[in-house]
1. Which whole-number percentage describes the relative contact order of the chain, with Cα contacts under 8 Å and a sequence gap of 6 or more?
2. Using protein chains only and a probe of 1.4 angstrom, how many square angstrom of SER17 are accessible, to the nearest 10?
3. Ignoring ligands, DNA and RNA, what accessible area per residue does region 72-184 give at 1.4 Å, in Å²?
4. Using the Cβ atoms and a cut-off under 15 Å, what net charge is assigned to the surroundings of HIS207, where Lys and Arg are +1 and Asp and Glu are -1?
5. Based on the alpha-carbon set only, what is the convex hull volume of region 182-265 divided per residue, in Å³?
6. Under the √(5λ) rule applied to the eigenvalues of the Cα gyration tensor, what semi-axes describe the equivalent ellipsoid of the chain? Give them in Å, descending.
7. Determine the sum of side-chain charges near CYS101: Lys and Arg each +1, Asp and Glu each -1, restricted to other residues whose C-beta is under 10 angstrom from that of CYS101.
8. Tell me which trypsin sites (Lys or Arg not before Pro) from region 164-220 have a DSSP coil assignment and no more than 16 other beta carbons within 10 Å of their own.
Amino acid sequence: MDNKINIKVPVMAEVVSAGHQPEWLFWVGSAGAFDDRYRKVTREFVKLLTYLKVDYAVLGTEESDSGDVARRAGNEMLFQMQALTNIQLLNGYGVKKIVTCCPHDYNTLKHEYPVLGGKYEVWHHSQFLQKFIDEGRIKVKSTPFEGKTIVFHDPCYLGRANNEYEAPRAVLDILPVAKVEMKRNRSKALCCGAGGGQMFKEAEKGHKEVFIERTEEAIATGADIIATACPFCMVMMSDGIKYKNQEERMKNYDIAELLSLSLGL
């Protein structure tokens with residue numbers, strides 16, 4: 001698809017060597033860099049950063065995994081190796097503010113890096129976009145999703161782990177479409193089933209997998225779109241839609257995609 005705006009992505013090493021210190025680091029994350037579906041989300045968020053004239057850069061090939069999955073899976077040594085390497089790199093560039101689309105990286109960078117010497121102001125992209133909405137710098141007059149109904153699935157590491165429930169809803173609220181809630185939402189929301197390293201192991205014994213239960217809750221609302229704000233949730237909800245043979249009727253988008261496409265970027 002052709003870009004309607006120039007989205008040349010600034011790389012930290014090049015920007016800093018040229019004598020400029022970017023205000024923000026966009027932490028792309030492993031899914032944002034390597035997962036084909038979530039790379040599309042990264043692309044739409046970069047369009048938004050460009051549209052909003054944000055002074056930012058990415059680490060590019062210097063970025064490594066945050067270590068979140070390693071710690072959740074119990075490999076503390078690997079986590080600390082990852083974290084200390086990343087902190088040395090981030091501190092070397094003088095990074096102060098970080099924005100990321102991944103709630104898992106958000107949680108780790110915000111809460112687990114400080115004790116190892118990595119102290120940064122960390123924002124999830126939903127909070128970042130809400131800030132611009134509150135400042136009146138993002139206004140949506142129409143959307144290609146007009147006539148659709150959206151239901152939002154709360155990511156555990158944004159909601160229950162960080163008590164952030166309203167920022168992603170604030171992003172969706174500026175879209176002129178109908179919104180509904182699942183019976184279990186906000187602090188009562190059901191996990192997608194991928195967090196804590198669960199996505200990388202076999203399902204535990206039970207009568208139903210978690211992502212199927214959660215997808216059924218979303219389908220029951222009658223919504224046309226499941227909005228997510230996490231790469232793990234996107235994988236699980238997309239798989240759930242396929243498993244329930246709802247691909248023709250129901251789609252899954254990240255909030256950044258819904259906003260970018262509505263702005264015509």
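The values are calculated or read from the model by the stated rules, or taken from the named source; none is laboratory data. Quantities reported herein were computed from a predicted structural model and do not represent experimental measurements. Note that each Cβ is placed from the backbone with ideal geometry, even for glycine, and that neighbours are counted across all protein chains shown. Remember, those area values only see protein heavy atoms, side chains included, never the ligands or the DNA or RNA. Shrake-Rupley method; radii C 1.70, N 1.55, O 1.52, S 1.80 Å.
1. Details: 422 pairs, mean separation 53.7, N = 265.
Computed value for the chain: 20 percent relative contact order.
2. Per-residue accessible area (SER17): approximately 100 Å².
3. Details: 5210 Å² over 113 residues.
I get 46 Å² per residue for this part.
4. Neighbour charge sum, excluding HIS207 itself: -1.
5. Working: hull volume 9.6 nm³, N = 84.
Roughly 115 Å³ of hull volume per residue.
6. Working: eigenvalues 170, 117, 45 Å².
Working through the eigenvalues yields semi-axes of 29, 24, 15 Å.
7. -3
8. Numbers: sites: ARG169, LYS179, LYS183, ARG184, ARG186, LYS188, LYS201, LYS205, LYS208, ARG214; in loops: LYS183, ARG184, LYS201, LYS205, LYS208.
In loop regions of region 164-220 (DSSP not H, G, I, E or B), the sparsely surrounded trypsin sites (Lys or Arg not before Pro) are LYS183, ARG184, LYS201, LYS205, LYS208.
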